[in-house]
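Chemist: What follows is a single structure, and I will ask about it in a moment.
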Amino acid sequence: MAESVERLQQRVQELERELAQERSRRMPGSGDGGGGRARIEKMSPEVVDSNPYSRLMALKRMGIVSDYEKIRTFAVAIVGVGGVGSVTAEMLTRCGIGKVKTFLFAYHIGNYSLLEYIRFTKAEQKLLIADLSTLTDQGAWSILLLFDYDKVELANMNRLFFQPHQAGLSKVQAAEHTLRNINPDVLFEVHNYNITTVENFQHFMDRISNGGLEEGKPVDLVLSCVDNFEARMTINTACNELGQTWMESGVSENAVSGHIQLIIPGESACFACAPPLVVAANIDENTLKREGVCAASLPTTMGVVAGILVQNVLKFLLNFGTVSFYLGYNAMQDFFPTMSMKPNPQCDDRNCRKQQEEYKKKVAALPKQEVIQEEEEIIHEDNEWGIELVSEVSEEELKNSSGPVPDLPEGITVAYTIPKKQEDSVSELTVEDSGESLEDLMAKMKNM
């Protein structure tokens, strides 16, 4: 029995080494992008069938964006790689946003499994880390960071993106593999852990504040694609403390509605300013779940929510169009409500209140713009033709033709009023009866 276990362990090590060699062959610099085409160092607007960026670069020619290549200068973190997050990551990858770092925490260090890494000598470990650092410094590209701790299951197949053969893999690992094949120009930094635990929260904060394009600088945007309030509140807490702009998204449990929300700490309401009932009432989410009961899920609703989320990410980063602070989606009525929410001065999150104060100071420091009231231009007051505009109705006549204005609530006016009826007494005229018949009177009229 012991010999069988030992042989299996040796076989696992052999397979891990073969996998590491295959990954090394596909890494940048090897000439093989791993997706059936060579890596592209610079986006080109050239319209040829072999250019995957020609239709994206056409946005500049059509006047939608001024510089689409700027998409490669941003760092975006996606938390939650499920029904919405995986499609969001795919769309951003196809847009060319992600490149540079790829670390699968708790499973791999670079191309090697954790077991192999531990067996290396200290010198070999330092050399490996140095090689990875050199790799991440290649080119001025943007970063796409993925966070999730769940695994792919067959129950996920009603959604988009994941495939049955990926069941059992961690979602970030499966996502990285699929996305790398879609766009070999993109490298990912992936984290396979639960951000809500105490031991992982600090590392999550560190990657948000230091995982930008240049190491030590924050990411440009955090996207929340999680499916529970605890994770949303964790992201909210981190972003309030760091002053990090983020976008929240979600789909309802009945799968026929969803929303996205842009949250700028201090400027707009955070997730704790107007918490959902489950949060405000301090209800444990775990008590809401029942054995054998799950939320509904439609790939259509998740695809719509992911689409409007990425659309607003592109507008925010590339500065075009109007970015919605809140955009909802109701599939039953095809209704897209929008609104904006101001931050709550009594928000339970102290960092939110602190960000509000800093935002007020920032606004107060801005130079005040003088409001110039333009006088109404009087038409035809003085002209070379001597034309004068006068009313055909006198003020007295206008007054007589108007009625009393009813007492209405503030803000409501009437278009016109009804004048009172004039009850003038008319003198009655009496005509004496001449006694003549109608025929006699008609004859008199003919003779006249």
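The values are calculated or read from the model by the stated rules, or taken from the named source; none is laboratory data. Since we're looking at a predicted model, the values are computed, not measured. FYI the Cβ positions are ideal-geometry reconstructions off the backbone, even for glycines, and counts take in every protein chain you see. With ligands, DNA and RNA removed, areas are computed over all heavy atoms of the protein, side chains included. Shrake-Rupley method; radii C 1.70, N 1.55, O 1.52, S 1.80 Å.
Chemist: What nm distance separates the two modelled labels at residue 400 and residue 370, each placed 7 Å from Cα along Cα→Cβ?
Modeler: The two pseudo-label positions are separated by 5.1 nm.
Chemist: Given the pairs 217/361; 399/420; 42/171, which are separated by over 18 angstrom at their Cα positions?
Modeler: Violating the 18 Å limit, Cα to Cα: 217/361; 42/171.
Chemist: Once R0 is set to 22 Å, what does the formula 1/(1 + (r/R0)^6) return for the Cβ-Cβ distance between residue 64 and residue 40, expressed as a FRET efficiency to the nearest 0.05?
Modeler: In this case the efficiency is close to 0.55.
Chemist: If DNA, RNA and ligands are ignored and the probe is 1.4 Å, what is the ranking of 219, 48 by accessible area, most exposed first?
Modeler: In descending accessible area the options line up as 48, 219.
Chemist: What length, rounded to one decimal in nm, is gained on full extension from residue 197 through to residue 48, with 0.36 nm per residue of separation minus their alpha-carbon distance?
Modeler: 48.7 nm
Chemist: Obtain the nm distance between the two label points defined at residue 440 and residue 295 by a simple spin-label model: each point lies 7 Å from its Cα along the Cα-to-C-beta direction.
Modeler: Distance between the two pseudo-spin positions: 10.4 nm.
Chemist: Just subtract the alpha-carbon distance of residue 274 and residue 153 from 0.36 nm times their residue separation and send over the number in nm, one decimal.
Modeler: Stretched out fully, the residue 274 to residue 153 stretch lengthens by 40.2 nm.
Chemist: A further question follows. Measuring from label point to label point, each 7 Å out along Cα→Cβ, what is the residue 252 to residue 334 span in nm?
Modeler: Here the modelled spin labels are 1.8 nm apart.
Chemist: While we're here: Using the per-residue mean of other Cβ atoms lying within 10 Å as a proxy for protection, in what order, highest first, do the peptides 201-211, 339-349, 167-177 fall?
Modeler: By packing density, highest mean first, the sequence is 167-177, 201-211, 339-349.
Chemist: I would also like to ask the following. If r is the Cβ-Cβ distance from residue 448 to residue 415 and R0 is 51 Å, what FRET efficiency results, to the nearest 0.05?
Modeler: It comes out at approximately 0.45.
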